[in-house]
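Notes follow once the structure below has been shown.
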Amino acid sequence: MYAEFGDIDRTAASGGVDLELNRSLQALAVAIRVRAVPWIRDVVPALCGIALHFDPFHPELPESVLEVCRELLEECFKSASKFEDSGRTVEVPVCYDPFFALDMEEVAAATRISAQNIQKVHTSTKHWVLMVGFSPGQPYIGGLDPKLSVPRRATPRTRMPMGAVAIANAQTAVYPYETPGGWSIIGRTPLTVFDPARDPPSLFAPGDRVRFVAISRDEFEKLL
Amino acid sequence: MSLRIIRPGLLTTVQDRGRHGLQHLGVVPCGPMDPVALELANALVGNRDGEAAIEFTVLGPEIAFEADALISLCGALFEANVGGVPVPANRPVFLPKNSVLRTGRALLGSRGYLAVAGGIATEPVLGSRSTYLPAKFGGLEGRLLRAGDALPLSEGISSLSLKRYGNLENRKVMAGLRTVGWSAPALTLPEREPITIHAMEGRHHAHFDAASQRAFFEATWKVSPDSNRMGFRLVGPVLARAEAFEILSEPACFGTVQVPANGLPIALMADHQTTGGYPKIAEIAAADVPRLAQLAPGGSVQFARCTLEQAGELRRALRQRVDSALRSLAWDYQA
């Protein structure tokens, strides 16, 4: 149903996401989508690979679909413009108050950085969207300062609060829905991350730059 | 014109062909668990392919029709009657207004589809009427149908539907129902259990220990009652990785078999997450996904190893069977 061309060895070697690769995958996804191949339903740029989802019963689906996909990827890779990001910077107001930052103390203990400094580092570094997935609009945001890196929690929460801003390894996530999640919560945004009635429905798209802006609980309530 | 749900049955939702093209924003297509059955159901009433219909699971709904309607029941074989007269599956059936269609338990298979000429006309969300239960949008308010719901029907019935509809309306009543003497073949019903489902080795298959690599293709797996439209949890031997390592989240699809930390595989179904961080032991051949979807909780399945080329052959063979079934429907309702 789909063919994937990842770069698992490179990933394993670097222990994380190769940012150059991630950016070129996003350019590649745009180039493939422009082709509008009738049997390709979805082009999903991921952290270190790209997924082409096709209609398995489409009348025009070629017999040697893997070969055709490889050729398509090669051609598009050549034609893909050198990555230029979406030009968008998404400003995300985050309340880092202990009321919302349920795991801040644990992160502070693990990283030996005070809650106040965690907030300072998180809001002053440049972040960008590596991938959107898991649930509608949920961004995997790269650029987390290595000083703040913590592993996923041993026991995931069964319900993350809507709007939870959470970190794990080298990334930040913002939870659009109350879904299970194993990342450490350091704050919460009042913004609606995904709204199918809004245009565009998703606050984040792959390639967006992200800036986190600290807000108070009062400001959080007002923006809600 | 609308349908009224008197009794909803189980896991009853509105589904059309699905919400494709948005997976890069984390939006999964949803759509029918058994797309072949939906395609046949729509064709029988003259709808365009992919029109919205009602999907139900194991226990069917009871539905009142406020106006004359041309319907078809496809997919799993359900007990079904109108005023005590059995309603045959896989045929176009004319129901006069104020009919009440009562469906009961699934006798074979688990997912039933009720298509109505014109299609269900709930408001499309992001280009589709499919119900997205985890994100609560699409279909009717993004939720399961319940008693008292009114589902709007499209006023724009296709010319093909009108032709067939008129033909049946004037037909003699046969055994209390206006229908035809032939039926479309059911192409996705499960054969004797354990059913055999073809699967390719997944991207992380080699990372499992040797016993687990074998066990996946040798064991008989049971579908856990804990299964839903997001995934089928499979109960069998616990699968272990040769060594623990963390996998970066990556795209998954309808038919991916992933293995979470507890070692019991999950076959991802129509409402799966777009990306996941669990290792993938297998990818189910697209042609066999609808038959797996028809397996009820408690049902058993064995996985037969196949190559990408074999999966392609299975896919083309199924397409041919669907096409020949559709061609046989292109006749007028004379037979």
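Nothing in this text is a laboratory measurement; each read-out follows from the coordinates by a stated rule. What you see is a predicted model; the values in this text were computed from it and never measured. With ideal geometry, Cβ positions are generated from the backbone for all residues, glycine too; neighbour counts draw on all protein chains shown.
List the trypsin sites (Lys or Arg not before Pro) within the stretch A:123-224 that fall in a DSSP loop (any state other than H, G, I, E or B) and whose Cβ has at most 14 other Cβ atoms within 10 Å.
Hits after loop and neighbour filter: A:126, A:159, A:198.
Compute the normalised compactness of the stretch B:195-323: alpha-carbon radius of gyration over 2.2 N^0.38 Å, N being the residue count.
Working it through for the stretch B:195-323, the quotient is 1.00.
Where nothing but the Cβ of Lys and Arg (+1) and of Asp and Glu (-1) is charged, how large is the charge dipole of the protein assembly as shown around its Cα centre, in debye to the nearest 20?
940 debye
Enumerate by residue number the chymotrypsin sites (Phe, Trp or Tyr not before Pro) in the stretch B:74-168 meeting two conditions: DSSP loop (anything except H, G, I, E, B), and at most 12 other Cβ atoms within 10 Å of the site's Cβ.
Qualifying residues, ordered by number: none.
Averaged over its residues, how many other protein chain Cβ atoms are within 10 Å of peptide A:39-46's Cβ atoms?
What the average comes to for A:39-46 is 5.
Output ³J(HN,Hα) for the stretch B:309-323: one whole-Hz value per residue in order, computed from phi by the Karplus curve 6.51 cos²θ - 1.76 cosθ + 1.60 with θ = phi - 60°, and x for Gly and Pro.
For the stretch B:309-323, the Karplus-derived couplings read 5, 5, 4, x, 5, 4, 5, 5, 5, 5, 4, 5, 5, 5, 4 Hz, x marking Gly and Pro.
For every other residue with a beta carbon closer than 13 angstrom to the beta carbon of residue B:237, add +1 if it is Lys or Arg and -1 if Asp or Glu, then tell me the sum.
Net charge around residue B:237: 0.
Excluding residue B:269 itself, what net charge comes from residues whose Cβ is under 14 Å from its Cβ, given Lys and Arg +1 and Asp and Glu -1?
-2
Using the charge dipole of chain A (Lys, Arg: +1 at Cβ; Asp, Glu: -1 at Cβ; taken about the Cα centre), state which of A:61, A:151, A:117 has its Cα farthest towards the positive end.
The residue sitting farthest along the positive end of the dipole is A:117.
Treating cross-link reach as a plain straight distance, find the aspartates and glutamates whose alpha-carbon is under 14 Å from the alpha-carbon of residue B:97, omitting any fewer than eight places away in the same chain.
Within reach: B:66, B:68, B:169.
Quick one: Cα centre-to-centre distance for the stretch B:286-321 and the stretch B:201-246, in angstrom?
Centre-to-centre (Cα) distance: 17 Å.
Would you mind getting me the FRET efficiency between residue A:117 and residue B:7? Use the beta-carbon distance for r and R0 = 41 Å, nearest 0.05.
For residue A:117 and residue B:7, the calculated efficiency is 0.10.
Inside 10 Å of the C-beta atoms of A:135-141, what's the mean count of C-beta atoms belonging to other chains?
The mean count of partner-chain Cβ atoms within 10 Å per residue comes to 5.
Taking every Cα atom in chain A, find the radius of gyration and the maximum pairwise distance Dmax, and write them in Å.
That works out to 18.9, 60 Å for Rg and Dmax.
In whole angstrom, note down how far apart the Cα centers of the stretch A:114-138 and the stretch A:21-41 are.
Using only Cα atoms, the two centres lie 26 Å from each other.
If exposed means no more than 16 neighbouring beta carbons inside 10 Å and the site is in a DSSP loop, what's the longest run of chain B without any exposed trypsin sites (Lys or Arg not before Pro)?
Here the longest segment lacking exposed loop sites spans B:193-335.
So if R0 is 51 Å, what FRET efficiency would residue A:105 and residue B:163 give, r being the distance between their Cβ atoms, rounded to the nearest 0.05?
So the FRET efficiency works out to roughly 0.15.
What does the net charge come to around residue A:177 if you take all other residues with beta carbon closer than 12 Å to its beta carbon, with K and R at +1 and D and E at -1?
Its environment carries a net charge of 0.
Would you mind computing, in nm to one decimal, how far apart the modelled labels at residue A:39 and residue A:145 are, each placed 7 Å from Cα along Cα→Cβ?
My value for the distance between the label points is 5.1 nm.
So if a site counts as exposed when it's one of the GluC sites (Glu not before Pro), its DSSP state isn't H, G, I, E or B, and it has at most 13 other Cβ atoms within 10 Å, what's the longest stretch of chain A without one?
Here the longest run is A:85-224.
What stretch of chain B, leaving out the sites themselves, is the longest with no GluC sites (Glu not before Pro) in a DSSP loop having at most 11 other Cβ atoms within 10 Å?
Longest gap between qualifying sites, sites excluded: B:1-154.
Using 7 Å Cα-to-Cβ label points, what is the residue B:246/residue B:262 separation (nm, one decimal)?
The answer from the label model is 2.3 nm.
For residue A:195 and residue A:126 in the same chain, what is the full-extension length gain: residue separation times 0.36 nm, less their Cα-Cα distance, in nm?
22.3 nm
Nothing charged except the Cβ atoms of Lys and Arg (+1) and of Asp and Glu (-1): what's the magnitude of the dipole of chain B about its Cα centre? Round to the nearest 20 debye.
Around 680 debye, computed over chain B.
Under a point-charge model restricted to the Cβ atoms of Lys and Arg (+1) and Asp and Glu (-1), what is the dipole moment magnitude of the stretch B:47-139 relative to its Cα centre, in debye to the nearest 20?
The calculation lands at about 160 debye.
Report the FRET efficiency, 1/(1 + (r/R0)^6), for residue B:64 and residue B:107, where r is their Cβ-Cβ distance and R0 is 22 Å, rounded to 0.05.
That pair, residue B:64 with residue B:107, gives E of 0.40.
Within the stretch B:246-287, what residues put their amide N at less than 11 Å from the label point 7 Å along the Cα-to-Cβ vector of residue B:224?
B:260-267
Quick check: the distance between the Cα centres of the stretch A:151-209 and the stretch B:83-106, to the nearest angstrom?
Centre-to-centre (Cα) distance: 46 Å.
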